[in-house]
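The values are calculated or read from the model by the stated rules, or taken from the named source; none is laboratory data. Bear in mind the structure is a predicted one, so any value in this text is a computation, not a measurement. We place every Cβ from the backbone using ideal geometry, glycine too, and count neighbours over all the protein chains shown.
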2 protein chains.
Amino acid sequence: MSFKTLHRGENCSFSPRQTTIAGKIPYTQRQTIIFDNPPHIIGRMSVVGTKEGKGPIGRYFHRVLDDDKMGEKTFENAEIKMLTSAIDGAVYNSGLRPSEIDLIISGDLLNQVTTSNYVARNYHVPYLGVYSACSTMTEALDLASTFISAGKFKNVLCSTASHFATAERTYRYPLEYGCQRPPYAQWTVTGAACTVLSANGNGPRITMGTVGKVVDFGTTDLNNMGAAMAPAAMDSMLALFKETGAEPCDFDLIITGDLGKLGSDILRDLMTEQGYYLGQRYIDCGNMMYDVSQNCYQGGSGAACSATIFNSFVLDKIFDGTYNRVAYFATGALMSTQSCYQGETIPCISHAVVIER
Amino acid sequence: MSFKTLHRGENCSFSPRQTTIAGKIPYTQRQTIIFDNPPHIIGRMSVVGTKEGKGPIGRYFHRVLDDDKMGEKTFENAEIKMLTSAIDGAVYNSGLRPSEIDLIISGDLLNQVTTSNYVARNYHVPYLGVYSACSTMTEALDLASTFISAGKFKNVLCSTASHFATAERTYRYPLEYGCQRPPYAQWTVTGAACTVLSANGNGPRITMGTVGKVVDFGTTDLNNMGAAMAPAAMDSMLALFKETGAEPCDFDLIITGDLGKLGSDILRDLMTEQGYYLGQRYIDCGNMMYDVSQNCYQGGSGAACSATIFNSFVLDKIFDGTYNRVAYFATGALMSTQSCYQGETIPCISHAVVIER
C-alpha cells in the first residue's frame, strides 16, 4: 500500500503563508509562527564522535573525531572543545567574520547548560542560554528566526552539543559503574552542531516555527526516552498541520529528533490514529544514527543527535535540491535525575521548524 | 557631594527612540534592542519564603509563605508549588483567563530547569525553557517583548523561581552537612515571581532590552557571587548607556539583580572608573532583601531575588508614578558545581530591560 492511499487529501497544495494568515485558528493558543522575513541558513557544521562516524550516515558529517576526549583531561572539556569546533566551522562556512555574529543562542544537556556557557565565554558576542533538552536546536532556531525576522539581529548562531560520557554521568550512572542497558534504551550521541542564520543570503529559509507544549504521558523510566517523547512530537506535529492546513504529503521530508526505533514506531501509530499517515517521508534521526551492529538498541539520542544530522545529511539534501520543504521536530525529555529519583514522571516537549528551499 | 556633580552631562535629555535609531553604533555587535511595539506589563505576582517576608521590604510582596516546604514532601515540590502560585496569581492579576495566555517563558536554578518544566506541564500552553541563572527574569522579558513586539504572540508570561534549600543542594552542600558560610557569601532567596506581558493594556511598557555577553574575570569561589557578577553587570550597563546615549540620570531607578553589598560596591567603583556615577538612583536587589540582623552577610541571591523585588516593590513604584523610567539589570553566574570542581572559573552574564511608564 502506498502512502498515497491513506493520507487525507489527494491534492496537496499547501501554501503556508496563505493558509495561516487566512487561517481559522484563533490567535490565542496558536503555536505556529510564520516568519515575515524568513532568515536564510548561511553556515553550518557538524562534529561527531568516533562511534557516530562509523554509523550509516557517518560520511555526511563534517568532522569525525578520532578521540572522543579530544586530548582533554575531562569529557566536559571535550564537549566544550567540540562545540567550539562546530561554531568556528559554521562561522567559517558562512563566509562571515566572527565579529559579524550578532547573537549566540545555545543550550545543551549538562546541568546549568555549562557547555554552552563556557563556550560563549570565548566569544565576545551577546548570548542567550536556552534549555530544552534534545529539542534545543529547534528552540534556538525558532528564537533566532524571530529575532532576525523582526529585524532585531542580523546574523544569529544556533548551537548545541551532547557527549555520551557527560550525559551518562549527568542523567544515569557513572560510566565506571558499568550499568547494563535495557533493550529499549538509546545511546547519547557524542557531537556538536551549529547553524548560522542571516537576514541576507541565498541559502534555504526557515519559514515557520512551532513552539511546543509540555506533554507528559506518565513514563517514569529514564532509559525509555522514545516512548516518553513520542506524544510530545505528535502534539507539535498536529499543531503545525492543523494550524497551517498542511498534510504530511506537503513536505518532502519530516524528521523527528531522537525518538529512536521504538519511539518513532509509536509516533507513526499515534499519527495514523489522528488521520495522518507519515509513510516513507518520515525519518527519525535517532533511528538513523547507528547501525544495528553498533549495539545502541533503539538508536541515538541527545541534543546533538538531530542537530548533527540536520546540519549535515538533511541540509545537504536541501541544498542539492532533493528536498524543497522539510519539517524538523526535535524532541526533548525535560526531567532531571533529581525529579526522577523523587518519583516524578517525565515531561516532554517538541519544538519544530519548517525549512524551505 | 551630590551625584549631579559627577555625572557627565548636566542636561539629561535622553530620547531612546531617537538616539538609537539615529545612533552611531553599527548594527553588528549591538546588544540593545528597541521594541517597536513595546509590550505592556498587565499582571504580576511575587511569592516569598518566611525569611524574605521578615526582611526590610517584606510588606511589598504579594504572598509570604508561613512554611517554606508548603506542606510538600520535598523542597523541589515546594518550589514547583510556589512558582505555580506566582503564575496563577499573575494571570488573575492581569484579568486574562488562563486560556488567553499564548506562551510561557520560564527558567530557574535547578539542573535541567526542572521547576519550570514541571510547572509548564500543568498548563497546556506553548513553553520555552531558558537558562540564565539569576538573570533569567530579564532574559525571559527580553524574549517575550521580542515576540509581542513582532506580533507573534499576544499575551506572554515570564516566570522564575529559586529556593534556598534546593539551590544549596544543587550548587554547594546538602543542608544537613551544616557547612559554615564565609562572610562574603549571599543567601539564595526562596521565592517565585511572574510577569504577564501583553500587546494590549495600560500598564508600564518594556521599551528596550539589552542582551548580555558572557564575562569572566576569573573568580573561582562558589560563595563569592557578587564579585564574579559585577563585571558582567558593568558590561551590559555600558552597552545600554553607550548604544542609546543614555546616562544614569536619565533613569529614575537603576536596579541590579543580586550582586549583594560587596558586589554592588564593586559595580559602583567599576562604573565610576568608566565615567558613570550611579549615585543614589542605583539599588541592588540582593542588598535590599535582608536586614543585617538576618545573618545573610552580603544579602540575597538567586533567580527569585530580583524577580520578586521587581514584581512587587519596583513595579508598585512605577505604577504609582514614583518612577517613570527604570533600568533593570539581572545578573547571573553561569557555572555548575561540576565545572567548579574541575577547577573552572565562573562566567557571568547580565541581561537588562528598560521599563517606562
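So A:Cys179 ticks every box in (1) buried (at least 24 other Cβ atoms within 10 Å of the Cβ); (2) hydrophobic (A, V, I, L, M, F, W, C); (3) over 21 Å from A:Tyr328 (Cβ atoms) but one. Which box is left unticked?
(1)
Please enumerate the residues belonging to segment A:31-62 that are out of contact with any Leu (no Cβ under 8 Å at 6 or more places or on another chain), assigned to a loop (DSSP other than H, G, I, E, B) and within 14 Å of another protein chain (Cβ to nearest Cβ).
Let us first name the residues in segment A:31-62 that are out of contact with any Leu (no Cβ under 8 Å at 6 or more places or on another chain), namely A:33-38, A:45-46, A:51-52, A:54-62.
Pick out the ones that are also assigned to a loop (DSSP other than H, G, I, E, B) and you get A:35-38, A:54-57, A:61-62.
Those that are out of contact with any Leu (no Cβ under 8 Å at 6 or more places or on another chain), assigned to a loop (DSSP other than H, G, I, E, B) and within 14 Å of another protein chain (Cβ to nearest Cβ): A:Phe35, A:Asp36, A:Asn37, A:Pro38.
Within segment B:331-353, count every residue that is closer than 21 Å to B:Gly107 by Cα and either in a loop (DSSP other than H, G, I, E, B) or acidic (Asp, Glu) (or both).
Within segment B:331-353, residues that are closer than 21 Å to B:Gly107 by Cα and either in a loop (DSSP other than H, G, I, E, B) or acidic (Asp, Glu) (or both) number 5.
Which one is farthest from A:Ile349 (Cα to Cα), of the residues in segment B:121-132 that are buried (at least 24 other Cβ atoms within 10 Å of the Cβ) and either more than 7 Å from chain A (Cβ to nearest Cβ) or not aliphatic (A, V, I, L, M) (or both)?
Result: B:Ser132.
Mind checking whether some residue in segment B:214-236 is of a type in the set (Val, Ile, Thr), assigned to a strand (DSSP E or B) and under 30 Å from B:Ala167 (Cβ atoms)?
Checked against the condition, which is being of a type in the set (Val, Ile, Thr), assigned to a strand (DSSP E or B) and under 30 Å from B:Ala167 (Cβ atoms), segment B:214-236 yields at least one hit.
Which is buried (at least 21 other Cβ atoms within 10 Å of the Cβ) and on the phi > 0 side of the Ramachandran plot, of B:Gly299, B:Gly343?
Values: B:Gly343 fails: buried (at least 21 other Cβ atoms within 10 Å of the Cβ).
Only one candidate qualifies: B:Gly299.
If we keep just the residues of segment A:315-336 that are touching a helix residue (DSSP H, G or I) at 6+ places or on another chain (Cβ under 6 Å) and over 19 Å from A:Leu197 (Cβ atoms), which is surrounded by the most Cβ atoms within 10 Å (Cβ to Cβ)?
Ranking the qualifying residues of segment A:315-336, first place goes to A:Thr331.
For segment A:198-213, give me each residue that is part of a loop (DSSP other than H, G, I, E, B) and within 14 Å of another protein chain (Cβ to nearest Cβ).
A:Ala199, A:Asn200, A:Val211, A:Gly212 - these are the residues of segment A:198-213 that are part of a loop (DSSP other than H, G, I, E, B) and within 14 Å of another protein chain (Cβ to nearest Cβ).
Could we say that B:Tyr118 is farther than 26 Å from B:His40 by Cβ, aromatic (Phe, Trp, Tyr), crowded, with 20+ Cβ neighbours inside 10 Å and within 9 Å of another protein chain (Cβ to nearest Cβ) here?
It is true that B:Tyr118 is farther than 26 Å from B:His40 by Cβ, aromatic (Phe, Trp, Tyr), crowded, with 20+ Cβ neighbours inside 10 Å and within 9 Å of another protein chain (Cβ to nearest Cβ).
Can you say whether B:Lys242 is of a type in the set (Lys, Arg) and closer than 26 Å to B:Asp88 by Cβ, as far as the supplied structure shows?
no
Are any of the residues in segment B:67-82 of a type in the set (Asp, Glu), more than 9 Å from chain A (Cβ to nearest Cβ), in contact (Cβ under 8 Å) with a residue 12 or more places away in the chain and surrounded by fewer than 21 Cβ atoms within 10 Å (Cβ to Cβ)?
Scanning segment B:67-82, I find at least one residue that is of a type in the set (Asp, Glu), more than 9 Å from chain A (Cβ to nearest Cβ), in contact (Cβ under 8 Å) with a residue 12 or more places away in the chain and surrounded by fewer than 21 Cβ atoms within 10 Å (Cβ to Cβ), so the answer is yes.
What is the number of the single condition among (1) farther than 19 Å from A:Ile33 by Cβ; (2) more than 9 Å from every other protein chain (Cβ to nearest Cβ) that B:Leu110 does not meet?
Failed condition: (2).
Does segment B:146-170 hold any residues that are touching a strand residue (DSSP E or B) at 6+ places or on another chain (Cβ under 8 Å) and at the interface with chain A (Cβ under 10 Å from one of its Cβ atoms), and which are they?
B:Thr146, B:Phe147, B:Lys152, B:Phe153, B:Lys154, B:Asn155, listed by residue number.
Only one residue in B:Leu141, B:Leu109, B:Leu157 is closer than 22 Å to A:Thr170 by Cα and not acidic (Asp, Glu). Which one?
Values: B:Leu141 fails: closer than 22 Å to A:Thr170 by Cα; B:Leu157 fails: closer than 22 Å to A:Thr170 by Cα.
On inspection, the qualifying residue turns out to be B:Leu109.
Out of A:His62, A:His124, report the one residue that is of a type outside the set (S, T, N, Q) and within 27 Å of B:Arg30 (Cα to Cα). Break it down stepwise before answering.
Values: A:His62 fails: within 27 Å of B:Arg30 (Cα to Cα).
Within the list A:His62, A:His124, the selection yields A:His124.
Here is a list of conditions, (1) at pLDDT 95 or above; (2) surrounded by fewer than 24 Cβ atoms within 10 Å (Cβ to Cβ), and A:Arg357 meets all of them except one; can you say which number that is?
Going through (1) at pLDDT 95 or above; (2) surrounded by fewer than 24 Cβ atoms within 10 Å (Cβ to Cβ) one by one, A:Arg357 breaks only (1).
Could you grab me the full set of residues in segment A:85-104 that are more than 10 Å from chain B (Cβ to nearest Cβ) and modelled with pLDDT of 95 or more?
If the condition is that a residue be more than 10 Å from chain B (Cβ to nearest Cβ) and modelled with pLDDT of 95 or more, then A:Ser85, A:Ala86, A:Ile87, A:Asp88, A:Gly89, A:Ala90, A:Val91, A:Tyr92, A:Asn93, A:Ser94, A:Gly95 are the ones that fit.
Can you pull out the residues in segment B:336-345 that are closer than 14 Å to B:Ala167 by Cβ and at the interface with chain A (Cβ under 7 Å from one of its Cβ atoms)?
If the condition is that a residue be closer than 14 Å to B:Ala167 by Cβ and at the interface with chain A (Cβ under 7 Å from one of its Cβ atoms), then B:Ser336 is the only one that fits.
Hey, can you tell me all the residues within segment A:171-180 that are over 20 Å from the mean Cα position of the chain (by Cα) and within 13 Å of chain B (Cβ to nearest Cβ)?
Once the filter is applied, which keeps residues that are over 20 Å from the mean Cα position of the chain (by Cα) and within 13 Å of chain B (Cβ to nearest Cβ), segment A:171-180 yields only A:Pro174.
Can you tell me which residue among B:Thr170, B:Thr195 is farther than 30 Å from B:Lys152 by Cβ and not in a loop (DSSP other than H, G, I, E, B)?
Just one listed residue meets the conditions, B:Thr170.
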